[in-house]
Amino acid sequence: MAPAPTGSRLHTVMWFRRDLRLADNPALLEACAAEGVLPLFVLDDRLWGPAGPSRRAYLAASLRSLDASLRRHRGRLAVLHGDPAREVVRAAREVGASRVHVAADYGPYGHARDAEVEAALAGHGIELARTGSPYAVAPGRVRNGSGQPFKVYTPFSKAWAEHGWRQPVDPPDAAHWLTFEEPVKVPEVDLPEGLELPDAGEEAARRRWAAFLDDGLAHYGDRDRPDRDATSRMSVHLKWGEVHPRTLLADLAAHRSEAATTYRKELAWREFYADVLFARPDSARDYLRPEFARMRYDEPADRLSAWQEGRTGYPVVDAGMRQLRSIGWMHNRVRMIVASFLVKDLHIEWQHGARHFMHWLVDGDLASNQHGWQWVAGSGTDASPYFRVFNPVTQGKKFDPDGAYVRRWVPALRDVDPRYVHEPWEDPAGLPEGYPGRIVDHAEERREALDRLEEIKK
């Protein structure tokens, strides 16, 4: 590690977490105001361990991209591996830092971790300085008329918009970077065969966003169509902070269109779920509406495996699950369809599905994932009524009318008559070779789901 000047306390540490970028990073600007700054990332086993191959591989690629950006500015990313309460303190002491700068973390684990690190740093006379967050409006910032967290999206979104957000900030134009002599290498992650992930890093995020603004925003009205490339695919870049939502909002302000307004609402949903999770950290694992914990659920067993592997016999469900395993991402409309199928057709608790999603999703965000699942399960905020059971056949016909999405991800169905691509069991030619029969009858399971709802009402 490069030695710090004797007695110097004018150095800082920039501890990167969910902000793997140089531009529009207020915490980094604050850190760079010192005489010297150490860019640091800590591989934390409590986060690295539970992450699936998609997020591990993507994070590693994003860290390498951040390191490359720093090197172009004569810096270098220091990567340590271990308990942040130990490693951050060690790094700060060795470079003679008076402060460690971070963007505040509002997740259940991150919030507790930062308090632990803050206490450890304070024991050595070092400050943990929080500047900004991964959100345009930090969780807990807006409240309802009673001073309580919002429980419904629409009033939250209005208060969120009225609160507003700062304009993006420029990257640091000059900094004296401190380095370690021998930092831990960013790990190489072997992906399972057939899994391909998008390009990672701040530059990739900028390219994707620019392309969406130029060509994709005009077609955003088709975002519910999984057979069309009509979404921005920015969720993974937001997840890792390769771009800040404030940057997206600033660009959208120049587009006075219905599509831009709709996209802002989608960003508000992301921030709403983060706000809910901050207010109710238990909802990451437990039912936000506890009465749904009393419902009769089935043991996962073989049906869960069939769902996970895309072998349910329902084409749009199977296409979604196979897309997930192939690219670490699934179209949002299809996420709702497959989630409803697991909870209401297979009668399996939502936590099993949420866990599977978090294992494979490259954009796996705890707040959005868990509360998206609770929305479908009827147990969350703004929940879809439990009696709303997505019909996988009619959903497929409505949002993938020609079967292009299904045919892409389920090769066995590529030659099926278009009239039967969403219900191949009706094809007079019979099921194509290699495609399974239905594991359940949707109509029967819908009635069963509603019967179980009546039980908990009583």
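The values are calculated or read from the model by the stated rules, or taken from the named source; none is laboratory data. In this text the structure is predicted, and so the values were computed from the model without any measurement. When we count neighbours, we look across all protein chains shown, and the Cβ atoms used for this are built from the backbone with ideal geometry, even at glycine. These area figures cover heavy atoms from the full protein model, side chains too; ligands, DNA and RNA do not enter into them. Shrake-Rupley method; radii C 1.70, N 1.55, O 1.52, S 1.80 Å.
Some observations on this one:
- If the condition is being farther than 30 Å from Ala254 by Cα, surrounded by fewer than 16 Cβ atoms within 10 Å (Cβ to Cβ) and over 20 Å from the mean Cα position of the chain (by Cα), then the stretch 155-208 contributes His176, Glu181, Glu182, Val184, Lys185, Pro187, Glu188, Asp190, Pro192, Glu193, Gly194.
- Note on the stretch 298-309: residues that are surrounded by 15 or more Cβ atoms within 10 Å (Cβ to Cβ) and part of a helix (DSSP H, G or I) total 5.
- Counted residues, the stretch 350-388 - those being closer than 30 Å to Trp425 by Cβ, open to solvent by 20 Å² or more (accessible area, probe 1.4 Å) and assigned to a loop (DSSP other than H, G, I, E, B): 3
- Residues that are open to solvent by less than 50 Å² (accessible area, probe 1.4 Å), closer than 28 Å to Ser133 by Cβ, assigned to a helix (DSSP H, G or I) and among the hydrophobic types (A, V, I, L, M, F, W, C), drawn from the stretch 260-297: Ala260, Leu267, Ala268, Phe272, Ala274, Val276, Leu277, Ala279, Ala284
- Residue list for the stretch 407-449, restricted to those being assigned to a loop (DSSP other than H, G, I, E, B), in contact (Cβ under 8 Å) with a residue 12 or more places away in the chain, closer than 30 Å to Pro385 by Cα and charged (D, E, K, R): Glu423, Arg438
- Residues in the stretch 310-346 that are closer than 18 Å to Glu445 by Cβ, of a type in the set (D, E, K, R) and either open to solvent by less than 10 Å² (accessible area, probe 1.4 Å) or under 20 Å from the mean Cα position of the chain (by Cα) (or both): 3 in all.
- Filter result for Arg64 (open to solvent by 30 Å² or more (accessible area, probe 1.4 Å), more than 23 Å from Pro139 (Cα to Cα) and in contact with a strand residue (DSSP E or B) (Cβ under 7 Å, 6 or more places away or on another chain)): no
- Candidate set from the stretch 446-458 (those that are open to solvent by less than 30 Å² (accessible area, probe 1.4 Å) and not β-branched (Val, Ile, Thr)); member that is nearest to Asp318 (Cα to Cα): Ala449
- Check on Val37, within 30 Å of Leu195 (Cα to Cα), crowded, with 17+ Cβ neighbours inside 10 Å, of a type outside the set (S, T, N, Q) and over 22 Å from the mean Cα position of the chain (by Cα): no
- Test: residue in the stretch 226-234 that is more than 23 Å from His163 (Cβ to Cβ), open to solvent by 20 Å² or more (accessible area, probe 1.4 Å) and without any contact (Cβ under 8 Å) to a residue 60 or more places away in the chain: yes
- Filtered residues of the stretch 236-259 (kept if touching a residue at least 40 places away in the same chain (Cβ under 8 Å) and surrounded by 19 or more Cβ atoms within 10 Å (Cβ to Cβ)): Val236, Leu238, Lys239, Trp240, Gly241, Glu242, Val243, His244, Pro245, Arg246, Thr247, Leu249
- Of the set (1) modelled with pLDDT of 95 or more; (2) surrounded by 15 or more Cβ atoms within 10 Å (Cβ to Cβ), all apply to Arg46 but (2).
- Filter pass, Val393 being at pLDDT 95 or above, hydrophobic (A, V, I, L, M, F, W, C) and under 27 Å from Val376 (Cα atoms): yes
- Taking the numbered list (1) surrounded by 16 or more Cβ atoms within 10 Å (Cβ to Cβ); (2) touching a residue at least 12 places away in the same chain (Cβ under 8 Å) in turn, Glu118 passes all entries but (2).
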